[in-house]
1. What are the residue pairs meeting all of these: first residue in region A:86-111, first residue of a type in the set (Val, Ile, Thr), second residue part of a helix (DSSP H, G or I), Cβ atoms under 7 Å, and 6 or more apart or on different chains?
2. Being of a type in the set (A, V, I, L, M) and either within 26 Å of residue B:227 (Cα to Cα) or assigned to a loop (DSSP other than H, G, I, E, B) (or both) is the filter here; which residues of region A:289-329 pass it?
3. Could you list all residues from region B:296-318 that are surrounded by 21 or more Cβ atoms within 10 Å (Cβ to Cβ) and of a type in the set (Val, Ile, Thr)?
4. Being within 14 Å of chain A (Cβ to nearest Cβ) and touching a Leu at 6+ places or on another chain (Cβ under 9 Å) is the filter here; which residues of region B:267-289 pass it?
5. Return the residues of region A:400-423 that are among the charged types (D, E, K, R) and buried (at least 17 other Cβ atoms within 10 Å of the Cβ); say none if nothing qualifies.
6. In region A:230-253, is there at least one residue being assigned to a helix (DSSP H, G or I), farther than 16 Å from residue A:348 by Cβ and more than 36 Å from the chain's Cα centre (by Cα)?
7. Could you please find all residues in region B:409-419 being surrounded by 21 or more Cβ atoms within 10 Å (Cβ to Cβ) and farther than 20 Å from residue B:439 by Cα?
8. If you check A:342, A:356, A:346, which single one turns out to be closer than 27 Å to residue A:298 by Cβ, away from chain B (no Cβ under 11 Å) and out of contact with any Phe, Trp or Tyr (no Cβ under 6 Å at 6 or more places or on another chain)?
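The values are calculated or read from the model by the stated rules, or taken from the named source; none is laboratory data. The model shown is predicted, which means the values in this text are computed figures rather than measured ones. We place every Cβ from the backbone using ideal geometry, glycine too, and count neighbours over all the protein chains shown.
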Amino acid sequence: MSSDAPPSTAVSAAPSRKEPPPEEPHDVRRRSYVILSFWLIVLLLGLPIWWHTTAIYRASLPLDEMGEWADWKACRPVFPLRIAVQASTMQDGEGQNLVKLTQHALDDLNDFSWHHLRLDLIPPVPVEPHAAEADVALTIRLIPGEPMEATLHPHLPILDIKYPPNSPPTPSSSSSPLATFIARELRSKFAEERAIISALLSKELRPARSMQYSPTYHLTFSLFTSGSTPNTWEIENAISEYMRPVLDILRPIHNFTIDTQVQLYATPGVQSQSLEKEDLASFINAAEWPLSPSIAGAPTINFVVYIGNQTIGTSSKSWMIPQWGSVYLLDSQENPVGVDELKQPLLTFTSHLLSLLGTPESGSLPLKLSTLSRVRSADLLLRASSTLGSLARLSLALPSISIPSSVADGVSKTMKELELACQNLGNVQGLEHARIAEQEAEKAFFEKSMVGQLYFPDEHKIAVYLPLLGPVGVPLIIGLINELKLWRKARKG
Amino acid sequence: MPFLVPPELHCLARRGEELAQLSSTSPDLEQSKLSHPNETPPLSEFTSKNPANRKRGRASINGRTTATMRFSISRLLTAASIIFTPLLLQSSPVSASSSSQEPALSQSSQPASASTVISSDSEYHEQLVLRPLPQSALLASFNFRSNISVSAFEAQNFRFFPRSLGQILQYAGTRELHLRFALGRWDAESWGSRPWDGAREGGTGVELWAWLDAETDEEADQKWLILTNALSGLFCASLNFIDGTRTTRPVMSFQPEGDHPNSTIANTHLLHGTLPHEVVCTENLTPFLKLLPCKGKTGISSLLNGHKLFDATWQSMAIDVRPVCPRETEEGRGECVLEIEQTIDMVLDVDRSKRPRGNPIPRPPPAQDLKCDPSKEYDSDNACFPADYALGQDWSLTQIFGKTLKGTCPLTDPNIPPVCIQVPNSRHIFTSLGNKEVKDPSGNSRCYYLDPEGSFEMVLPPMSKDGAQHTAESELVKGETPLLYAERSFMGHGQERGGVQAILRNPSWDTEVEFVYMESLPWFMRVYLHTLEARINGQKTSYDSVVKEIYYRPAVDRARGTQLELRMVIPPASTVFLTYDFEKSILRYTEYPPDANRGFDVAASIITIRSPSNGKRVPAGMRTTSLLLNLPTPDFSMPYNVIIFTSTAIALAFGGMFNILVRRFVAADEGPEVSVKRMRNKAVALGRKVAAKFGRGGKEEGKKE
């Protein structure tokens, strides 16, 4: 292009343009070195410093293991259920064969991997069988009699099975109606527990009714009155009479604190005289009724007695609000409200409390309680592991989120506790480990320093980098391009 | 993990979930599912657990490590060097004085004494005392008091004592609690002494002090944190922002009001926090009313209305919880009770309150309605000096409060008149039928026993204009002269040097007044204590004669504020000017609030009068107004300006250096020709090239070449 002859009008321009003297080769080389060293400084010093100072600290999380926990690949949870069989009236061989056959029948029937029922023949104890034997979930007492039937002991974890004299298998026989009967009975006794845990496992169906597990619950009993009377109630005596026994039984699993209050001039959220089913949802006037939430980390379960002029459409007077508590409409104008009048409300509250805690509905009380502790362990395990899974997904989904080392610590602690809980499933330590695991997982997940850098917009970054990188970067890049051009020319030439 | 979320928020947030799952499962009601109209599909694990969704109101109280210092005044003045002597932080065992419970037999015009005539037997009582003040102001003092026996409190069986508060107190190990929400300024010059002698008053914003049960300071801080967080949820106030920088441990100013056994008082810690910036409003009144047994539905609390309360010239809401033990009698000691006293004092502007809501713009009254002071010599038809007293202040309860008083709260002690008004007995007052009026023999107060069912209306009619005898005395009960007048203001100049001046005046002609003046200043006010100076009546006098004792705890940047307590004595009829200088520090960029140019609120100073006590409540006190401190405020686009400026400098330096190193220098006629013509030619050639490429094809170009 430069060799183009100037047009005729430009003759008067510099008549003789001198070419600059040819460049010394060492000058050319020096220039290349200068550019090269600038680029080396930028790449070897500038970039690492920039990277180091602006990088977000992300502690390395064992993402794969966390995912494995979430998918239950890391540990296969099994509740070992030891069933003691007491066959005092049978001969040894008969008894052993019966146990063997029943075990076979059970193993054939069992399609639920979390339960492992194991039968043991125990020597006949002359005195009343000791129910508190820790690792025995249920004791079966075989009593000869007609017809073949099973009855649960109301206060002890004992299943009495009557059997006709011809039904026990001989030591050599390979099938027995009694064995099948026992297997079926056992299976039906654990059917509800199985259903609850399966519901927990299928994540869409979280238990809607029961509260989250907590070692302590606050029970709040409130008397709401539409007017100024009644304003006293004998709740203390009523609680100690009707509710305390159940609370005492639950003590190994939960602690309870009890407080009571009286609130006058309370208007419910629904004013109509007769309450329909749709109205029950908005009956609690959350804006005005002082039903304050939990304090000290323990959830509150509310039990509300409302004295007003309202009735429910059906004959019932009470309903339960899942994960919150229960309401009872009492029809009383006496002041104070006596213990007798509080009997029905408190009995209702007791049964609601049990279902709010997640106790199964069938079975005798000791069986219910042991089921409750197993269900709670399973629930906590599932919560903790799914939180781990969420955390793993979160850290993958948000690459700009910072992960402090406390989160990594929490995760490793959670996994250790999960491991322990999984090994000790079915006993008290298992529950305790599961509880710690769940707490640690929640703490790790809700670590607040993780969100600090999350909302730093890209515009700010441009505003910070552009003024510096523009004027510095352009000469560097053009210098590099020129140098490359020259180098190519030199190679061609 | 304790999550302390405001209950309303919490309740609302939770209710959504619960209602969606509500199913009626009572044993005697058939199983049925109720679906909530707003039922939403279950959120995925990830979205529902986004950490940003969870609210956190945690603040940390930094540990106090610096030793507390006490200046010895004499040394400060005599010795060349200041000698600090460590002060033992033991609070002296306080005698369980129950003087506040002592039945006050003297009939003074104070609302305090009007309602202290109450035995602690009744579980609940309430009373409203109205007192017209000069300049068309009206003081309304609401007082509600309920009890719970200590055993019932420990068993958590709450009846009239609010459970929500009781639970918090129990959990935070609080022995005695005082909480104040205040707004406005008490005009002591014209209104006289304060209601309750200032014992139920707080500084502007929120003030909280409590005696906490704790073995160590750290434990006390922990419990204080729990208490402030829980109360902030209960009262919808930002109390959780009372952190280490806003917390002090007063040494001289506060004494417990309740009866504490000597064994427990040794283990209690007094902590005090203020939030001068907090705007007190309706959302604080609603939870306050919820604590009352009658909930603002009946009784005097039915008059309370956020629109009027927060429109008041001055208002103070107080909650005081203290243990009260009955006097030892011959049958032995009765059971101690925990008493909660809720007080609302407000000074309403009668004219403003009477303004109709539909037409709230004030208009000048016609000339004949002006209230003039005829004692002025220039008073004529054309000149009017506004009357100092509200000549013929006339109003009715409904006009003033915008609501009617609905009966009485049925729980209240029937022997206590619910409504009292302090006007001279000679004034006429009309009330609705069915109420009993009882006039006080002192001639300055009357009370009303209300009809429990009907609504109560009271009308204060205007005084007849023609009667020549009406004076201020015949119309108003004159307020008592306060023991002390106090005001405080900023001095100093510029962005760096500041000063504080407190003017304290003892109006009495014969008695000296002893009090404790306490300042709790933010850390960014760096106080120079050596500039502390007290002048009596404008003359520099001996320092010792006024300031008897100083307790000073210097600030630590970003960790705690300055605490300054002065025990002072002011001789009769003299004014003390207390001044000190401070330096305004520059904050970090992120420490400025969004409205940095508005200024920073400095908490009111607290004055606790120790003597003369002359039969009044011991902790008589007052608060000065809060101050607004202007700090040097940067331009908040500064970081980007700095970035651009330094970048430009770097770019200039770098560009020059790089070019010198890389470019080759040749003589002017050796380099490529740079001229306009040449550039034009270049451009033309380029244009041709482009046209050739896209136009007729490459043939012509080939020919030319």
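1. If the second residue must be part of a helix (DSSP H, G or I), the pairs left are A:102/A:179; A:102/A:182; A:102/A:183.
2. Going residue by residue through region A:289-329, those that are of a type in the set (A, V, I, L, M) are A:291, A:295-296, A:298, A:301, A:304-305, A:307, A:312, A:320-321, A:327, A:329.
If the condition is that a residue be of a type in the set (A, V, I, L, M) and either within 26 Å of residue B:227 (Cα to Cα) or assigned to a loop (DSSP other than H, G, I, E, B) (or both), then A:291, A:295, A:296, A:298, A:301 are the ones that fit.
3. Passing the criteria: B:298, B:300.
4. So the first thing to find is which residues in region B:267-289 are within 14 Å of chain A (Cβ to nearest Cβ), and the list is B:282-283, B:285-289.
Scanning region B:267-289 gives B:282, B:285, B:287, B:288, B:289.
5. Taking region A:400-423 first, the residues among the charged types (D, E, K, R) are A:409, A:413, A:416-417, A:419.
Answer for region A:400-423, where residues must be among the charged types (D, E, K, R) and buried (at least 17 other Cβ atoms within 10 Å of the Cβ): A:413, A:417.
6. Yes; the residues of region A:230-253 include at least one that is assigned to a helix (DSSP H, G or I), farther than 16 Å from residue A:348 by Cβ and more than 36 Å from the chain's Cα centre (by Cα).
7. Within region B:409-419, B:409, B:411, B:412 qualify.
8. Details: A:356 fails: away from chain B (no Cβ under 11 Å); A:346 fails: out of contact with any Phe, Trp or Tyr (no Cβ under 6 Å at 6 or more places or on another chain).
Answer to the selection: A:342.
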